[in-house]
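The values are calculated or read from the model by the stated rules, or taken from the named source; none is laboratory data. Predicted model, so just to flag it, every value in this text is computed and none were measured. Cβ sites come from the backbone with ideal geometry, for glycine too, and all protein chains shown count toward neighbours.
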Amino acid sequence: MVLDQRHAYFSPEDYLEIERISPIKHEYWQGQLVAMAGASKAHVIIVGNLSALLVNHLRGTDYLAYATDMKVRLPALNLFYYADLAVTCDERDRNSNEDFILHPKLIVEVLSDSTEAFDRGDKFADYQTIAELEECVLIHQKQVLVERF
């Protein structure tokens, strides 16, 4: 991940505007844009397979599953993260026209060498501030291991 130093601070509104037209995805860390690294083939396969399973499992319910391109906003911390998968059933998320969700019940992150420390550390702690979050899952892509919290 690379910090974009061209501007000292971007507002959340600036970030959302930039992200709508940017060919590169960025997370938002308290006013800074952080470019997202590309995913490995294993990462893409894991997220795709899990997304297909979740969408089929949740069909006919009030739950919506979002893979890869949906931002999770943490307004109290002034952050936007791209979770690998997020599931919500909150009416505020379902009826919003925003490019993000605020109330996920489930978040899944697929760990890579470059993101594992952050995904298990600060990002995991930040996700725990979401009142509606019931479950966070970390999936390893180099070994058969799934951790559920």
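Pull up region 37-46, narrow it to residues that are surrounded by fewer than 17 Cβ atoms within 10 Å (Cβ to Cβ) and aliphatic (A, V, I, L, M), then point me to the one that is nearest to SER11 (Cα to Cα). Give the steps one after another, and end with the answer.
Within region 37-46, the first condition is being surrounded by fewer than 17 Cβ atoms within 10 Å (Cβ to Cβ), and the residues that meet it are 37-38, 40-42, 44-45.
If we keep only those that are aliphatic (A, V, I, L, M) as well, we get 37, 42, 44-45.
Values: ALA37: 22, ALA42: 34, VAL44: 31, ILE45: 34 Å.
Top of the filtered list is ALA37.
Scan LEU50, LEU16, LEU54, LEU111 and give me the residue that is more than 12 Å from the chain's Cα centre (by Cα), within 16 Å of CYS136 (Cα to Cα) and in contact (Cβ under 8 Å) with a residue 60 or more places away in the chain. Spell out the reasoning first.
On the way: LEU16 fails: within 16 Å of CYS136 (Cα to Cα); LEU54 fails: in contact (Cβ under 8 Å) with a residue 60 or more places away in the chain; LEU111 fails: in contact (Cβ under 8 Å) with a residue 60 or more places away in the chain.
So the residue among LEU50, LEU16, LEU54, LEU111 that is more than 12 Å from the chain's Cα centre (by Cα), within 16 Å of CYS136 (Cα to Cα) and in contact (Cβ under 8 Å) with a residue 60 or more places away in the chain is LEU50.
Looking at region 100-122, which of its residues are assigned to a loop (DSSP other than H, G, I, E, B) and either surrounded by fewer than 19 Cβ atoms within 10 Å (Cβ to Cβ) or of a type in the set (A, V, I, L, M) (or both)?
Selection gives LEU102, LYS105, SER112, ASP113, SER114, THR115, GLY121.
Is there any pair with a first residue in region 72-88 that is within 21 Å of ARG59 (Cα to Cα) and a second that is of a type in the set (Ser, Thr, Tyr) and assigned to a strand (DSSP E or B) whose Cβ atoms are under 6 Å apart and which are 6 or more apart or on different chains, and what are they?
Every condition considered, the pairs that remain are ALA86/TYR66.
The conditions are (1) under 22 Å from LEU53 (Cβ atoms); (2) over 10 Å from the mean Cα position of the chain (by Cα); (3) small (Gly, Ala, Ser), and ALA67 fails exactly one of them. Which is it?
Condition not satisfied by ALA67: (2).
Return the total of residues in region 18-36 being surrounded by 13 or more Cβ atoms within 10 Å (Cβ to Cβ) and either at pLDDT 95 or above or of a type outside the set (Ser, Thr, Tyr) (or both).
Within region 18-36, the subset surrounded by 13 or more Cβ atoms within 10 Å (Cβ to Cβ) is 18-19, 25-29, 31-36.
Filter again for either at pLDDT 95 or above or of a type outside the set (Ser, Thr, Tyr) (or both), leaving 18-19, 25-27, 29, 31-36.
Within region 18-36, residues that are surrounded by 13 or more Cβ atoms within 10 Å (Cβ to Cβ) and either at pLDDT 95 or above or of a type outside the set (Ser, Thr, Tyr) (or both) number 12.
Can you name the residue in region 123-145 that is surrounded by 11 or more Cβ atoms within 10 Å (Cβ to Cβ) and hydrophobic (A, V, I, L, M, F, W, C) and, of all such residues, is farthest from ILE46 (Cα to Cα)?
The qualifying residue farthest from ILE46 (Cα to Cα) is ILE130.
Collect the residues in region 56-99 that are among the β-branched types (Val, Ile, Thr) and exposed (fewer than 15 other Cβ atoms within 10 Å of the Cβ), keeping them in residue-number order. Let's see the steps before the verdict.
Pass one, region 56-99, residues among the β-branched types (Val, Ile, Thr): 61, 68, 72, 87-88.
Within region 56-99, THR61 is the sole residue that qualifies.
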